[in-house]
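Asker: Quick one: the structure is below, and I'll ask about it shortly.
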Amino acid sequence: MKPPKGKFAATARVGEKGQIVIPKGARDLLNIRPGDTLLVLADEQRGIALTKDEVLFQQLEGFLNWEEEP
């Protein structure tokens with residue numbers, strides 16, 4: 001069964017050094033390239049989330065500029 005467009009799900013195994021390999025499908029979907037910086041978010045109840053750091057910066061930029069008038 002194919003996931004819906006714009007979605008991806010897979011498993012990743014943690015290696016001996018605590019590293020994981022991000023599956024190619026996820027890298028392609030999110031345009032993650034070697035050298036990119038990722039933001040790692042962890043919560044005991046909700047688990048781990050990864051995103052490109054630029055996504056956070058875009059959201060912060062929008063938040064910080066919300067009071068500006070056009």
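The values are calculated or read from the model by the stated rules, or taken from the named source; none is laboratory data. Remember, it's a predicted structure, so these values are computed and weren't measured experimentally. We place every Cβ from the backbone using ideal geometry, glycine too, and count neighbours over all the protein chains shown. Note: accessible area is taken over every heavy atom of the protein model, side chains too, but ligands, DNA and RNA are not part of it. Shrake-Rupley method; radii C 1.70, N 1.55, O 1.52, S 1.80 Å.
Asker: If you go through the range 9-36, how many residues are surrounded by fewer than 13 Cβ atoms within 10 Å (Cβ to Cβ), closer than 17 Å to D53 by Cβ and of a type in the set (K, R)?
Answerer: 1
Asker: Would you pick out the residues in the range 29-61 that are acidic (D, E) and within 12 Å of the chain's Cα centre (by Cα)?
Answerer: If the condition is that a residue be acidic (D, E) and within 12 Å of the chain's Cα centre (by Cα), then D36, D53, E54 are the ones that fit.
Asker: Any residue in the range 48-62 that is open to solvent by 80 Å² or more (accessible area, probe 1.4 Å) and in a loop (DSSP other than H, G, I, E, B)?
Answerer: Looking through the range 48-62, none of the residues is open to solvent by 80 Å² or more (accessible area, probe 1.4 Å) and in a loop (DSSP other than H, G, I, E, B).
Asker: Take L29 and tell me if it is in contact with a Gly (Cβ under 9 Å, 6 or more places away or on another chain) and outside any loop (DSSP other than H, G, I, E, B).
Answerer: Working: in contact with a Gly (Cβ under 9 Å, 6 or more places away or on another chain): yes; outside any loop (DSSP other than H, G, I, E, B): yes.
For L29, the condition - in contact with a Gly (Cβ under 9 Å, 6 or more places away or on another chain) and outside any loop (DSSP other than H, G, I, E, B) - is met.
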